[in-house]
1. How large is ³J(HN,Hα), in whole Hz, for each residue of the range 130-137 in order, when computed from phi with the Karplus curve 6.51 cos²θ - 1.76 cosθ + 1.60 and θ = phi - 60°, using x for Gly and Pro?
2. Looking at the range 121-205, what % of the alpha carbon pairs are farther apart than 23 Å?
3. Once the piece of chain linking ALA220 and ILE258 is laid out straight, how much longer is it, given 0.36 nm per residue of separation minus the C-alpha distance between them?
4. Cut-off 10 angstrom, C-alpha nodes, Gaussian network model of the chain. Which of ILE266, ILE134, ILE36 fluctuates the most?
5. Using +1 at the Cβ of each Lys and Arg and -1 at the Cβ of each Asp and Glu in the chain, identify which of LEU242, GLY39, ILE73 lies farthest towards the dipole's positive end.
6. Based on the Cα gyration tensor of the range 233-292, what are the three equivalent ellipsoid semi-axes, each the root of five times an eigenvalue, rounded to whole Å and given largest first?
7. Scan around GLY225 for amide H atoms under 5 Å from its own, H built in the peptide plane at 1.01 Å from N, and keep only partners 5 or more places away or cross-chain.
8. With label points built 7 Å along Cα→Cβ from the Cα atoms of ARG16 and ARG81, find their separation and express it in nm.
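Read-outs: derived from the displayed coordinates by stated rules, not from any lab. Treat the numbers as computed from the prediction; the structure is a model and nothing was measured. Here the Cβ is made from the backbone with ideal geometry for all residues, glycine too, and neighbour counts use every protein chain on show.
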Amino acid sequence: MAINLHQLKIFHTVARSSSFSRAAAEMLISQPSVSIQVGELERQFGTDLFQQVGKSMRLTEAGRVLDDYAVRILALIEETRVAMDELKGLRRGRLLLGATPTPGTYLLPALLGRFKEHYPTLEISLRITDTRRIQEMLLQRQLDLGVVGGKISFPDLESSVFAVDDLVLVVAPGHRFVALPAVRVADLAGEPFVLRERGSGNREAVDEALHRAGVHVTPALELEGAEMVKQAVAANLGISILSRCAVELEVAAGRLRIVPLDGLRITRTMWLLYRRDHRLPRTAQTFLDMITPIGAETAAPADPPRVSPDPLPAPPSPLPRP
């Protein structure tokens with residue numbers, strides 16, 4: 001049996017999208033062509049790979065087994081292509097990064113901009129999503145590196161410290177806390193809070209810290225993303241605890257104020273992740289060589305993981321911290 005890689009990619013696209021029509025649109029081919037190629041795979045294996053449930057196509061047990069192998073086979077093909085590019089001097093190639101919202105929005109863009117200055121021909125992709133999805137994409141070989149602020153769930157991932165994130169109490173300029181040199185933790189209990197959505201790394205760190213301090217707060221608002229939270233706090237709809245790096249511009253512009261918390265410092269570690277059994281492309285390894293850990297004054301940084309012995313030529317100077 002000769003498995004056609006094009007058929008395998010079509011099959012995996014259908015499996016991922018649960019739709020023949022969406023797979024056809026994504027791959028820029030006709031829907032009948034998708035149906036024919038999937039049907040040919042089913043004929044070769046002698047079993048159904050999909051079953052229709054409502055308007056969606058769901059994998060059969062045989063389909064789930066094949067899709068597991070398809071993910072690995074297609075990832076190895078891509079890894080082979082990258083390796084061949086590296087042998088040609090890597091004048092082209094890709095850096096595939098994933099990050100949770102805080103590092104992806106406020107820390108990585110400046111680093112990637114400087115990296116692009118040194119290697120303008122390389123393609124850079126940055127996917128911003130939640131911690132669990134970043135880990136899943138790394139395991140599925142859809143990303144080279146991930147930077148997350150939440151808890152690491154999968155033992156097949158290697159981690160090192162990327163940054164130590166300092167979380168601070170932020171209020172509107174007209175809030176009564178602004179007149180105080182510091183706010184007692186107990187005084188937070190009576191305040192309306194604007195908090196990030198449940199499941200975010202920021203929310204996990206805030207909830208855990210307040211719980212340890214014996215303070216229970218009921219959010220007046222729960223909003224998705226730091227930008228929405230900042231707007232609500234600036235409108236004096238409540239107070240919040242956010243990453244210092246996320247509020248620097250608003251504090252400088254006078255739209256928000258940081259008020260010290262008496263006897264409570266809230267920090268969280270941002271982790272750099274990669275597959276333990278995965279050979280990093282030279283693009284990813286060179287990016288690691290160029291960055292220095294952020295927040296070194298608050299934690300002893302881990303050395304960047306080195307898993308490729310032959311990096312690109314060094315740039316003229318290392319990246320400064322953003």
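1. For the range 130-137, the Karplus-derived couplings read 7, 4, 5, 5, 4, 5, 5, 5 Hz, x marking Gly and Pro.
2. Working: 1592 of 3570 pairs.
That tail contains 45 percent of the Cα-Cα pairs.
3. Working: separation 38, 0.36 × 38 = 13.68 nm, distance 1.96 nm.
Taking ALA220 through ILE258 to full extension adds about 11.7 nm, to one decimal.
4. In this elastic network of the chain, the residue with the biggest mean-square fluctuation among ILE266, ILE134, ILE36 is ILE36.
5. GLY39
6. Those come to 36, 15, 11 Å.
7. The list, which skips near neighbours in sequence, is GLU197.
8. Using points 7 Å along Cα→Cβ, the separation is 1.2 nm.
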